Protein chains: 2
Amino acid sequence: MNTPELIELGQQLRVDSVRAAAAAGSGHPTSSMSAADLMAVLLARRLRYDFERPSHPGNDRFVLSKGHASPLLYAAYKAARAIDDAELLTFRTLDSRLEGHPTPRRLPWVETATGSLGQGLPVGVGIALSGKRLDRVGYRVWVLCGDSELAEGSIWEAAEHASYEGLDNLTAIVDVNRLGQRGPTRHGHDLDAYARRFRAFGWHTVEIDGHDVEAVERAYGEAVSTTGQPTVILARTLKGKGVASVQDREGLHGKPLPDADEAIEELGGVRDLRVEVPQPQVARMLHAVRAGHLDLPRWEKGDEAATRDAYGQALAALGSSRADVVALDGEVSDSTRAEFFAKEHPERFFECYIAEQQLVGAAVGLATRGWVPFASSFAAFLTRAHDFVRMAAVSGVGINLVGSHAGVAIGEDGPSQMGVEDLAMLRAVHGSTVLYPCDANQTAALVATMADLDGIRYLRTSRGAMPVLYGPGEEFPVGGSKVLRRSTDDRLTVVAAGVTVHEALQAADALAADGIAVRVVDLYSVKPVDRETLREAAEETGCLVTVEDHHPEGGIGDAVLDAFLDGRPTPRLVRLAVRDMPGSATPAEQLHAAGIDAESIVAAVKLLVENAVVR
Amino acid sequence: MNTPELIELGQQLRVDSVRAAAAAGSGHPTSSMSAADLMAVLLARRLRYDFERPSHPGNDRFVLSKGHASPLLYAAYKAARAIDDAELLTFRTLDSRLEGHPTPRRLPWVETATGSLGQGLPVGVGIALSGKRLDRVGYRVWVLCGDSELAEGSIWEAAEHASYEGLDNLTAIVDVNRLGQRGPTRHGHDLDAYARRFRAFGWHTVEIDGHDVEAVERAYGEAVSTTGQPTVILARTLKGKGVASVQDREGLHGKPLPDADEAIEELGGVRDLRVEVPQPQVARMLHAVRAGHLDLPRWEKGDEAATRDAYGQALAALGSSRADVVALDGEVSDSTRAEFFAKEHPERFFECYIAEQQLVGAAVGLATRGWVPFASSFAAFLTRAHDFVRMAAVSGVGINLVGSHAGVAIGEDGPSQMGVEDLAMLRAVHGSTVLYPCDANQTAALVATMADLDGIRYLRTSRGAMPVLYGPGEEFPVGGSKVLRRSTDDRLTVVAAGVTVHEALQAADALAADGIAVRVVDLYSVKPVDRETLREAAEETGCLVTVEDHHPEGGIGDAVLDAFLDGRPTPRLVRLAVRDMPGSATPAEQLHAAGIDAESIVAAVKLLVENAVVR
């Protein structure tokens, strides 16, 4: 396409954005119109992409970080003949693939779900990392950002990560239309304000008029030819460009144009230009799964080991048997034990420093390229990435998250370091799996298992050493549990997981000595829970006592309820959990203060027995 | 103190850091030693602080953003005679005020809990905002940061906010000791790498040798005399400074020194210098609560109104009656309706742009100065600030959070914009209150109520208009509920909140027409729940059906369980909630697809009746 044709294509993208939003009665046409010329040139000249083969390894990757500009994206798909005009007009309707914000669940050309601002660039960095360090396929990653979202700290985590890794295969295009949702941005059209920031963070910067298609074309060329660092193109644009009644005006974010027909006429009418998108080079993925024999580490019963150690060793072993497993950590790999993997597989380890949003964003990006990422930090600090985890679930992508230092059992470091909200956070993520092992062999088995699951998988590990309860060969299916103590005389059932399993066993033994038999269930699979075992325990013992190193809300106590819904009879329930704000103390003191140690369990059970609450 | 005395004081702070960690057997002495000279000069020369009156309005505010360097902080307290040597040696023990990471719950001189890195500066910005725009007291805010934590995006959200607001009363001191937890930082001792970034973000920068007390003194002077912008002092330091066996060496983070006695000797032995800390100026707070008559907005029964509108109007009214109420928003005030407050009280409104961590961090900072902040964004995007909310609870500070656009009921925008994890997140926060109103008068009443509560208060608002159910005078105590339908023939109880209350009422009426009576409870107080009403409903109807515009985990379904713990009889439970990943659709289509509209409730109840699950 020549310059006049590119200009026409930009107008077509505007017209189709206006039409889609008009048909839907909602959406963000003005945010689409500002970036239309940027998109037109990218599509016609630079994006190497086979729309018939979205999984082509050589395809460039495009991420719409400003996901609300979805009409523009869908208009581009139409111009590329990936969708037809009729589908374009299904925008935002029930069961349409064209959602308000794009997701890869429904559209094969979308790399990652966007719509929560500031996430496209972090994920794009992950994709570019794959291209640079793993795939070694010559694709480029193009991320179209809004200017408003540059206020998100996650953008600067990504900027730091990208420049540090020298990602010259990554280009960020910023549509600086100066208007956010409710009014002007902090920096308005001051392109240099943004350029100074990106340059300071090690990026090559280009400042252009985003409506000058020749300047846009030159900027893309400059990005492609820049080596050793990522490039950001800061494009001065006008929101609602091309329609006088909305152009560069406040109060028109996220609304269809007041008069679509008039606007379309002003934009030169409906067009039906077809873009021949440049095709990708022949390419071959280097990381076809090479699954060899998995030689998991083994511990003998009676040994002592921390589950975080077991995690690190198992992950290193998994990495030896599978070439598609990668690991990331947030500058605490000596604590999470991801360092064991890093030492054995340095080429597949990604140090993300203290930037948990980028940690998870990069994991998502790597997962989109077929890698199986394990991202670890302290359980407490994964809360930093909550929105990224949520959006990963919207994407439907598969990632493994590992949170160490769970619960008050960490001891002296105190509440800022204690993960006591992590189960609530991860259980509430759509389609998630939540695992909480209590011994080393169980941990190793679960690490191997979780790698093959779908969606968000979470493993909760503990800081301190604990006795090994299970033999090396034992299996731990997801959705299962282990009954560790049982008799026909059980007066109630203690449901525990992780560190509290050991407390529960001690308590059961002490109670048995006093003639009180209790059942003990190791609920290592917190989501999904083992409904069958819990229901059987309820029927046979009548009362479940949950013991949890976590706040009372959203954890094991709530998880067991999943077994008793749909109107079936519900057992009596008692919950022992962390109700007060801890301070510093030894691990044993912490468990006792929280009322979740063996002594507390014994006391609770005796109270129930004495008050004849249980049979 | 003269230069030799300052040097001695620095050594004393090192020695006492080493001693405290040695006594505890854990802690971060090497991270304390790097910043000891920075702290010595600050304490002896610049920090204007009356340790006997920590609430003195004229006190400077010191925030230890690198909270793990708590031994240094406590050593400084000892030098200031705020604590004695015996207490110093209680570091990290049960019930000691000297926790592993400092919290204001236990120590009156701590402004905010730290230990999750990257949070001290955002909170410090909030404190400085108070000093600059509200208190107008001439205190300064000093924030001591680590270099590792500059990788956190929240630091750059704070940097942007501080420079935009021209906070020349704010000084960040960065202890660039080049070593993180597991190894070198990205930029090592390259002070200029950090200086370029801060300058680009609009800060005045000073680069010094952090062990040259005269250079430190000059840098502080330069910070104090810089106007119109915040200052960052980038100090080159050595981790473990002063003890050859640990100085500038890897692998020694978070560990007591190998030989404390030898180290103390190398540092010149134990000293007992006392610092005369500069005293604050006479100052008076300007914002003594002026509570006037509260004239809440009123709606008549049968009107239609969105609870987000009611929030905005009620907050504006509250702001008119109380001079201590302030509001913050994340660039969506036209959606959350915080704009109603902003228009009436612009001097007490803080636009935080799209930076939710900074939004909550600033709210925490303002709260430490006695303000009552309301911070709003979309419910979905509050997940971005999860770690800040968690740490606010560790601080024990009181803030109000308001999440709009809750649930699938928002309609076409799709899952990225839907808050369907927010109740799980906020319920699991220690000591939180979670409110979810279904009508405008209820919302207004709860806004007024929540302002006076302790801890984290969360209000969930809805996008669409809903009928007004309650009269303007009705009261809604926290921990209460409203029984909207009840009879002696109730076959079961439908427990709803927010948007599903209206669906439940429709369903109840339809069922009544079919001869099936059901009770309907409006559970507007999700935490704490109304145990009495739920228990009564359980006893009288035997089965509770919860209906929730939220994922099944951690929301209303789990909340009702709080009424049935401690081994008491548990009713049969049925949970209707959002189980699939939504796409775009109208609000009504969304509620139906999720199985939480009136039709779905009717179908579920009939199934229970037909299968004789309920009586």
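Coordinate-derived values only; no laboratory data. The model shown is predicted, which means the values in this text are computed figures rather than measured ones. Cβ sites come from the backbone with ideal geometry, for glycine too, and all protein chains shown count toward neighbours.
Which shape class applies to the range A:91-148: rounded if a/c is under 1.5, otherwise prolate when a/b exceeds b/c and oblate if not, where a ≥ b ≥ c are the square roots of the Cα gyration tensor eigenvalues? Walk me through the numbers on the way to the answer.
Values: a/c = 3.16, a/b = 1.69, b/c = 1.88.
Oblate, since a/c reaches 1.5 and b/c is not below a/b.
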- Message: Run the label-point distances for A:Asn2 please: 7 Å along Cα to Cβ, every other copy, nanometres, shortest first.
- Response: 8.4
- Message: Just to be sure I understand: of the beta bridges DSSP finds with both ends in the range A:482-614, what percent are antiparallel, rounded to 5?
- Response: 20 percent
- Item | Modelled label reach - A:Asp190, point 7 Å along Cα→Cβ, the range B:347-390 residues with backbone N closer than 19 Å | B:351-355
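Per-residue mean of other chain beta-carbon atoms within 10 angstrom of the beta-carbon, peptide B:391-400?
Values: counts 4, 0, 4, 7, 3, 1, 0, 0, 0, 0.
Neighbouring Cβ atoms belonging to other protein chains average 2 per residue here.
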- Fraction of beta bridges assigned by DSSP in the range B:306-467 that are antiparallel (%, nearest 5): 5 percent
- Note on the structure: Given all pairs of distinct Cα atoms, the range A:533-591 yields a Kirkwood Rh in Å of 12.8 Å
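At most 16 other Cβ atoms within 10 Å and a DSSP loop assignment: could you name the trypsin sites (Lys or Arg not before Pro) in the range A:275-363 that fit?
A:Arg284, A:Arg290, A:Arg298, A:Lys301
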- Task: Identify the residue of chain A whose Cβ lies closest to the rotation axis that maps chain A onto chain B, and give that distance in whole Å.
- Result: A:Gly153, 1
- Query: With the dipole of the protein assembly as shown worked out from charges on the C-beta (+1 for Lys and Arg, -1 for Asp and Glu) around the Cα centre, which of A:Gly188, B:Ala215, A:Ala22 lies farthest toward the positive end?
  - Reply: B:Ala215
- Item | Cβ-based charge dipole, the range A:306-467, positive-most Cα from A:Ser462, A:Ser416, A:Tyr436 | A:Tyr436
- For the range A:312-354 and the range B:52-85, write down the distance between their C-alpha centroids in whole Å. 39 Å
- Message: Going 7 Å from Cα along the Cα-Cβ axis for the label, what nanometre distances separate A:Lys255 from the same residue across the other copies?
- Response: 6.3
- Message: Once you place label points 7 Å from the Cα toward the Cβ at B:Val282 and A:Arg271, how far apart are they in nm?
- Response: 7.4 nm
- Task: Take A:Glu87, project a point 7 Å from its Cα along the Cβ direction, then tell me which residues of the range A:105-125 have their backbone nitrogen under 17 Å from it.
- Result: A:105-112
- Rounded to whole Å and sorted largest first, what semi-axes of the equivalent ellipsoid does the C-alpha gyration tensor of chain A yield via the square root of 5 times each eigenvalue? 52, 25, 21
- Message: With loop defined by DSSP as not H, G, I, E or B, and exposure as at most 14 other Cβ atoms within 10 Å, which is the longest segment of chain B clear of exposed GluC sites (Glu not before Pro)?
- Response: B:53-249
- Note on the structure: Counting only DSSP beta bridges with both partners in the protein assembly as shown, the antiparallel fraction in percent, to the nearest 5, comes to 15 percent
- Message: How big is the range B:433-481 along each principal axis, measuring the range of its Cα positions in Å and listing the largest first?
- Response: 31, 24, 16
- So which helices of chain B fit the span-like rule, where a helix is a whole DSSP H run, its Cα atoms reach 30 Å or more along the axis, and its mean Kyte-Doolittle is at least -0.5? B:3-24
- Query: If you find the alpha carbon centre of the range A:544-585 and of the range A:187-239, how far apart are they in angstrom?
  - Reply: 52 Å
- Quote the charge dipole size of chain B about the Cα centre in Debye, to the nearest 20; the model charges only the Cβ of Lys and Arg (+1) and of Asp and Glu (-1). 820 debye
- Kirkwood hydrodynamic radius of the range A:482-614, Cα pairs, Å: 14.6 Å
- Message: Taking a point 7 Å out from Cα toward Cβ as the label site, list the nm distances between B:Ala283 and the same residue in every other copy, smallest first.
- Response: 5.7
- Average beta carbon contacts from partner chains per residue of A:93-106, 10 Å cutoff: 5
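For A:Asp209 and A:Asn2 in one chain, what is 0.36 nm times their gap in residues minus the Cα-Cα distance, to one decimal in nm?
Working: separation 207, 0.36 × 207 = 74.52 nm, distance 1.81 nm.
Gain on extension, A:Asp209 to A:Asn2, equals 72.7 nm.
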